[in-house]
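What follows is one structure encoded as structure tokens, with my remarks underneath.
Each value in this text was obtained by applying a stated rule to the coordinates, not by laboratory testing. No experiment lies behind these values; they were computed from the predicted model shown. Glycine gets a Cβ as well: all are built from the backbone with ideal geometry, and neighbour counts include every protein chain shown.
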Amino acid sequence: MTSISLDSAAPATLDVDAIVIGVSPAEAGATPAAGAEGLDKALDGRLADALRALGATGKAGEVVKLPTLGAVPAPVIVAAGLGERPAAEDLRRAAGAALRTLAGSTRVAVALPAASAGEVEAVALGALLGNYAFDLYRTDGRKGPAEEIRLLAPASETAAVDRARILAASINLVRDLVNTPPSHLSPEDLAGEAERIAGETGLAIEVLDERALVEGGYGGIAGVGQGSANPPRLVRLAYTHPEASKTLALVGKGITFDSGGLSLKPSEAMDWMKSDMGGAGAVLGALEAIAKLGPKVNVVGYLAIAENMPSGTAQRPSDVLRIYGGKTVEVLNTDAEGRLVMADAIVRACEDSPDLLVDVATLTGAQLVALGTRTTGVMANDDGVREKVVAAAVRAGEASWGMPLPAELRKGLDSAVADIANISGERWGGMLVAGVFLKEFVPDGVKWAHLDIAGPSFHKGEPYGYTPKGGTGAATRTLVQIAEDLADGTL
Ligand code: BES
Ligand code: MN
Ligand code: ZN
């Protein structure tokens, strides 16, 4: 575990392995940002010249390393580009990009410009997220993350650092869960992780096993899970605040592996489907963070967990399931399994009479077609709710975009034998079709938003900013922000 603490020492005196500074673009060339003054002095005012000689421009994403050759105790300065007029996300990314280059370090000082609470939190969060590594399964001695981060910022900003520490721990937990191979994260294992977190943070928890799911009438989760040797689970977590006047319900898709079932996926991208529990991960991570942050709101979280496998006991295309609450679904494609487990959990969550219900799911490949790999699609049964959820997500630093739920798409889901089919005869707008399907299970009067995080939850490209390859922890911060917005009346 990496430690992070505030330090008000002068950077030029610090005995650390590296000092991270900011660099901004300027007419004269790259210019060291606030926080680097002491170092510049120790280098006889030659820091800007040295950076320019190394080709630094100050562009966002750039990281340039500079040896100090004995001028200060720290042997290396790591200069991270901030871009023009850096906002919180630029600070997070600069800190993250710098820390990613410092694997194997013991002590790192971060002297990025951070004066306000928001800036301190951004730098701390970016550093802790960029410093993440998933090395549980490595025996090759690859360098691990830095052990100790010293943040050079006003000593009064401890609350900002505490908040960053809490958020980073939960986001990195979600990343670990997503990165864990499905052989080591069965539905039972994921429910066990929820039990561990609940025990550590004082959240109330109930877990329904496969028998309880069948007896309770959870036909969606039971149906999707029946083909796997690893039986399904439904987890309910609850955070309560004595002064809360509102209740938020969160529902996450927890498919620990999505082979497609009998409607088997092609093999090229199947390994990606270990990330199909990213929604449930985000709900669990958010509840962990909420329990530590203590907002004045009640939050219930549901994790709809199953493994989608083909076998002699698997559900078949044309089978009919009965979702919790009684609605029937004709399963025409067993790879559209997420909406089946989500339907059960959404109906159950509405029994808690939430003031707002937010579900999160790696639901459709169509989300990636529509919005690319990094932007979450936000749908809702109320325009105001959708706009406020998008605003909360963006404020929390997660790219999100509002999408419609066109009423005409419902017709394509008509079934010849059941209340609704799980896939549409209509080829286009697959992300919206899935949202329209889920909407059928939200009772009138319940305000609901749906986040499709198929792309954002798992990063296949090269690392950037504070985002590593693999699990990203997407939506965790958004859900925490929504809870806080509901607590303070913003939402
Ligand atoms: N888990 C997938 C969606 C997905 C695809 C997530 C790619 C992340 C990356 C989901 O269960 C699925 O298979 N959806 C199908 C639905 C289709 C059969 C209507 C899809 O999107 O192809
Ligand atoms: Mn699927
Ligand atoms: Zn899936």
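Looking at the chain, what % of its DSSP beta bridges pair antiparallel, to the nearest 5? Write out the running numbers ahead of the final one.
Numbers: 30 of 74 bridges.
Antiparallel bridges make up about 40 percent of those DSSP assigns within the chain.
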Could you state the orientation-averaged shadow area of the convex hull built on the Cα atoms of the chain, in nm² to one decimal?
23.5 nm²
Within the stretch 215-253, what residues put their amide N at less than 16 Å from the label point 7 Å along the Cα-to-Cβ vector of Ala204?
235-250
So if I place +1 on the C-beta of Lys and Arg and -1 on the C-beta of Asp and Glu, and nothing else carries charge, what would the dipole magnitude of the chain be about its Cα centre? I want it in debye, nearest 20.
660 debye
Please work out how much length the chain gains when fully extended from His184 to Ser116, using 0.36 nm per residue of separation minus the C-alpha to C-alpha distance, in nm with one decimal.
20.3 nm
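Note down the relative contact order for the stretch 168-488 as a percent, whole number, built from C-alpha pairs under 8 angstrom at least six residues apart.
Details: 817 pairs, mean separation 73.4, N = 321.
Normalised by residue count, the contact order of the stretch 168-488 is 23 percent.
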Between the stretch 193-242 and the stretch 18-57, what is the separation of their alpha carbon centroids in Å?
53 Å
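Can you tell me the length gained on complete extension of the stretch Thr13 to Asn333, counting 0.36 nm per residue apart and subtracting the Cα distance?
Difference between extended and current length: 108.8 nm.
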Once Arg138 and Ala399 are pulled to full extension, the length gained, defined as 0.36 nm per residue separation minus their Cα-Cα distance, is 90.8 nm
Efficiency of FRET from Cβ geometry, Ser156 and Thr106, R₀ 25 Å, rounded to 0.05
0.40
What are the extents of the Cα atoms of the stretch 3-156 along their three principal axes, in Å, largest first?
47, 34, 30
